[in-house]
Amino acid sequence: MKSRTPHDLLLEFRLNGEVMQSTRTDGPDLQHSPRSCPIFSQWYRFEPGDIVTTGTPAGVGAGRKPQVFMKPGDRAEVTLEGVGILSNMVVAG
């Protein structure tokens, strides 16, 4: 079994249980890899709860045929292998 590092983890987004986006943190889909995140701390002071956006893999709603968009009542989940699941109910904005 291959040992996983932060640079090679499965990252997925599910909408109502259906996988909409899936990539690995070592793949070409992310604009910024986890390896580049320590560099950001040269310019920013990170606090607990801060988020570093890394780009997005294929599968966003506008790029699908038919298009898929989140709506109130949907369940949005992000899973990072070995870390866990962030799950939220979509509400009207």
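Go through 74-82, 45-53, 58-66 and give me the packing order, highest mean Cβ count within 10 Å leading. Provide the component values of the computation, followed by the final result.
Numbers: 74-82: 14.2, 45-53: 7.4, 58-66: 10.4.
Peptide ranking by packing, descending: 74-82, 58-66, 45-53.
Near V60, no amide H atom lies under 5 Å from its own; only residues 5 or more places off or on other chains count, and H is placed 1.01 Å from N.
The numbers here are math on the coordinates, done by the rules we state, and not lab data. Predicted, not measured: the structure shown is a model, and the values here were computed from it. Glycine also receives a Cβ, built like all others from the backbone with ideal geometry; neighbour counts cover every protein chain displayed.
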